[in-house]
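Engineer: What follows is a structure written as structure tokens; I'll ask about it next.
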Amino acid sequence: MRSNCCGELRKENISSTVQLCGWVDRCRDHGGVIFIDLRDSSGTVQITVDPDQGNELFAIAESLRNETVVQVSGQVRARPAEASNQKIDTGDIEVLAKDLKVLNHVKGNLPFTVSIHDEESVREETRLKHRYLDLRRDKLSKNLRIRHKTIQAARNFLEKEGFIEIETPILTKSTPEGARDYLVPSRVSGGDWFALPQSPQLFKQLLMIGGMEKYYQVARCFRDEDLRADRQPEFTQLDIEMSFMEQEEIIAMNEKLIVSIWKTIKGIDLPTPFPRITWHESMERYGTDRPDIRYGIEICDVSKIFKNIGFKVFSNAISSGGSVKCITIPKGNSAISNVRIKPGGDIFSEAQKMGAGGLAFIRVRESNEIDTIGAIKDNLNIDQINALIKQTNAKEGDLLLFGAGDTKIVNRTLDRIRQFLAMELKYLPSQESINYWGFIWVVDFPMFDFNIDENRWEALHHPFCAPNNKDLGETPDEWQNRLPKARAQAYDLVLNGLELGGGSIRIHDAALQKQVLETIGLSTKEAHEQFGFLLDSLDMGAPPHGGIAFGLDRIVMLLTGSESIRETIAFPKTQQARCLMTEAPSEVSKQQMKEIHVASTWTNPK
């Protein structure tokens, strides 16, 4: 149907006769000559329709609407110099139409303008409802091509490293991995259920036990959890596992993988090794285990200075087991008013979103004089003021913002505020700068976190992470007491404040795996019911192994500069886990439910 694609024509094609197919991007009538921008997946080219080529041809061109599908035959010719369009790759040429055929009309009104020349803002709900039209737009089309190239770059690298791609089951057993499962009832085994995999974690470990040694997969994963801009109920992981490699080797190899992807997609050479920080240090300096390291503004614990002062908001927070911490905003005095920090202000509101009651502040004036509202200044002596200035490294004109109370709330509040202000005050490096990419490894995570509500330990990552051998003691008898406080051989790669991927060395000893499952509250019976196949396999000569999983959707989001992973997925769900285009999920017939032995208890609250 076509001899060439629209976007591939260049000066060297001048005088050639071509046949093109595509969508009418837009039409323009300039004094009796009609210009059509014809678009296909490769790009756009200008078609010129001259009345001298025949009245019938010209009449068809006059009737065309945007997004009509057409076939054009004609001759490539040079554009006049003054009409050249350097914004597109085909801007030096045009095609003089000799024949024009409509392959399919647009019937009815378009819900939005598709033209790549139109910067009209369209509501996301409308775009998702008519995703097939949205896919024609330049931005989304480019994002999906970058996604393809990203996967291709990862595959090329891993296969050169000796990895093989292996698919793991989609219908599997329900096992606790930190989020709710999507469940699928079995028709042939009445009353039994499959689960869609939250990750291929157990299967990739079984592949290592099966002697595959180096595995990878572009894996579809499913989690029935609350959604955000960077989450979807179904998402894609670049899943990797390998045997006979220690943590340092795995980290080094994955750095090379990321460098290879960034070189292929962005054309930049990332410096290695990436910085590294322990989980404890990350929480102390940034208040999060996903630190954005590009602009400083680190958190400073000033609890010792304020421990015994008369300002009760601070001293009571410390005496009750909490802390007082602060961040220093360079030149913040001139940039941030009191109104914004006080109740009703936007900075105050950001703090409230994280559970804080508010923020205290101190402004640093000349010669280390401080200025604030409330009782802080009145309860500080000169030695305490000097200690505060020294510890925070504050200078004249800087603003100190304080959080006081439960340490977890203080940490996440100040992390939120530092990110909010770094964006507003333009502390971030330029996207063209190599410093824009703030990669950092976070290592030495705790094995467990204590769930106060349920009065039990929970695995911080998952219960298959191997503990640090130095934290376990010499004999299995010590495991029970030492495990809850042990560090995991776990590592996360963080980029610009987002977790890019996470992994660990896995447990390859059945006795230790049983002890970890017991620590999170599973009885021996429950452990064997849920993980018996894994425990049995670990006793069959399981090799030391470890791996990592990268969020592919998130990688592409960052590479394309998108604000949501929905902009990197062809057919995403909304934040209510719905597909607006197909209207899924939807009701099914009573007969279908009867066949799978299921009845619904759902009552519409309306």
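The values are calculated or read from the model by the stated rules, or taken from the named source; none is laboratory data. On a predicted model such as this, the values are computed, not experimentally measured, just so you know. Note that each Cβ is placed from the backbone with ideal geometry, even for glycine, and that neighbours are counted across all protein chains shown. Remember, those area values only see protein heavy atoms, side chains included, never the ligands or the DNA or RNA. Shrake-Rupley method; radii C 1.70, N 1.55, O 1.52, S 1.80 Å.
Engineer: How big is the accessible area of LYS11 in square angstrom, nearest 10, if you roll a 1.4 angstrom probe over the protein chains?
Structural biologist: Spelled out: LYS11, probe radius 1.4 Å, area about 130 Å².
Engineer: May I ask you to list the GluC sites (Glu not before Pro) in the stretch 120-153 that are in a DSSP loop and have at most 10 other Cβ atoms within 10 Å of their Cβ?
Structural biologist: Passing both the DSSP loop test and the Cβ count: GLU120.
Engineer: Report the calculated FRET efficiency for ASP371 and THR475 (r = Cβ-Cβ distance, R0 = 51 Å), to the nearest 0.05.
Structural biologist: Between ASP371 and THR475 the formula returns 0.30.
Engineer: Work out, step by step, the length gained on full extension between GLN530 and ILE170: first 0.36 nm times the residue separation, then minus their alpha carbon distance; give nm to one decimal.
Structural biologist: In short, 127.9 nm is gained.
Engineer: Give the separation of the Cα centroids, the stretch 391-456 to the stretch 330-378, in Å.
Structural biologist: Their Cα centres are 17 Å away from one another.
Engineer: Which sequence of GLU424, GLU248 reflects their accessible areas, 1.4 Å probe, from the largest down?
Structural biologist: GLU248, GLU424
Engineer: When the helices in the chain are scored as -39500 (n - 2.57) per DSSP H run of 4 or longer and the sum is shared across all residues, what 222 nm value do you end up with, to the nearest 500 deg cm²/dmol?
Structural biologist: -8500 deg cm²/dmol
Engineer: Just to confirm the number: angle between the C-alpha axis of helix 247-266 and the first principal axis of the chain, 0 to 90 degrees, nearest 10?
Structural biologist: 30 degrees
Engineer: Using Cα atoms only, what is the angle between the long axis of helix 510-519 and the major principal axis of the chain, expressed in degrees (0 to 90) to the nearest 10?
Structural biologist: 80 degrees
Engineer: Also, quick follow-up: Shape call for the stretch 242-358 from the C-alpha gyration tensor, a ≥ b ≥ c root eigenvalues: rounded (a/c under 1.5), prolate (a/b greater than b/c) or oblate?
Structural biologist: Judged from the Cα gyration tensor, the stretch 242-358 comes out prolate (a/c at least 1.5, a/b above b/c).
Engineer: Rank-order 126-139, 470-483 by packing density, defined as the average count of other C-beta atoms within 10 Å over each peptide's residues, highest first.
Structural biologist: Output ranking for 126-139, 470-483: 126-139, 470-483.
Engineer: Follow-up. Quick check: the angle from helix 138-160's long axis to the longest principal axis of the chain, C-alpha only, nearest 10 degrees?
Structural biologist: It works out to around 60 degrees.
Engineer: Measure off 7 Å from each Cα along the Cα-to-Cβ vector at ARG77 and ASP52, then give the distance between these two points in nanometres to one decimal.
Structural biologist: Simple spin-label model gives 0.6 nm for this pair.
Engineer: Using only Cα atoms, locate the centre of the stretch 1-77 and the centre of the stretch 531-606, then give the distance between them in Å, rounded to an integer.
Structural biologist: 43 Å
Engineer: Go through (i) 1.20; (ii) 0.96; (iii) 1.03 and flag the label whose value is the computed Cα Rg over 2.2 N^0.38 Å for this structure.
Structural biologist: It is the one labelled (i).
Engineer: Taking 0.36 nm per intervening residue step and subtracting the Cα-Cα distance, what contour gain separates LYS426 from ASN604 on full extension?
Structural biologist: 59.4 nm
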